[in-house]
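Worksheet for the structure shown next.
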Ligand code: SF4
Ligand code: SF4
């Protein structure tokens, strides 16, 4: 089987499960009746509410995160299966400086802690000769789409 992003080790990190919006995608097999979710606003889907996993209001962590890790690992949503912070970091690198600046100014597109981890993991992928397993096409396109949208007013 060809290598994919899962070949890049997380080394025990659980940053993904903290402070991140996990949007649910029924079209990708997520069964809404299984999850505890709530409608949220997302820069990725302007003008409409989308379903996302609930987060602990005190910590911001995903409600399925436990000390032992993900409590629904076998049924984790599509986003949890395909996300990798190294890919986000690489996609941002591939954007023009202007686009990166717009996304940064918006402040609602990526999480700084996640990006810091992504840069670290991207370096790890490069050290392991695994950068080529990161397919950034969709993410670059999504970032460019967001950068072309009007900047939301600060709340
Ligand atoms: S933030 Fe990166 S290293 Fe950490 S769990 Fe997510 S994908 Fe793995
Ligand atoms: S469902 Fe599991 S893998 Fe996905 S964010 Fe929650 S704890 Fe993490």
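The values are calculated or read from the model by the stated rules, or taken from the named source; none is laboratory data. Owing to the predicted nature of the structure, the values given are computational and were not obtained by experimental measurement. Neighbour counts are summed over all protein chains in view; Cβ atoms, including those assigned to glycine, are modelled from backbone coordinates with ideal geometry.
Quick grid of which residues meet (1) within 12 Å of ligand 1 (Cβ to nearest atom); (2) out of contact with any helix residue (DSSP H, G or I) (no Cβ under 6 Å at 6 or more places or on another chain); (3) over 21 Å from residue 146 (Cα atoms):
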| site | (1), (2), (3) |
| --- | --- |
| 4 | no, no, yes |
| 36 | no, yes, yes |
| 55 | no, yes, yes |
| 70 | yes, yes, yes |
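May I ask you to verify whether residue 63 is within 15 Å of ligand 2 (Cβ to nearest atom), more than 24 Å from residue 139 (Cβ to Cβ) and within 17 Å of the chain's Cα centre (by Cα)? Step through it out loud before you land on a result.
Numbers: within 15 Å of ligand 2 (Cβ to nearest atom): yes; more than 24 Å from residue 139 (Cβ to Cβ): yes; within 17 Å of the chain's Cα centre (by Cα): yes.
So residue 63 passes the test.
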Is at least one residue of the range 33-40 away from ligand 2 (no atom under 16 Å from the Cβ) and either within 15 Å of residue 138 (Cβ to Cβ) or at pLDDT 95 or above (or both)?
yes
So residue 109 fits all but one of (1) within 11 Å of ligand 1 (Cβ to nearest atom); (2) surrounded by 19 or more Cβ atoms within 10 Å (Cβ to Cβ); (3) farther than 17 Å from residue 134 by Cα; what number is the exception?
(1)
Across the range 16-25, which residue is farthest from the chain's Cα centre (by Cα) among those that are crowded, with 18+ Cβ neighbours inside 10 Å and within 11 Å of ligand 1 (Cβ to nearest atom)?
17
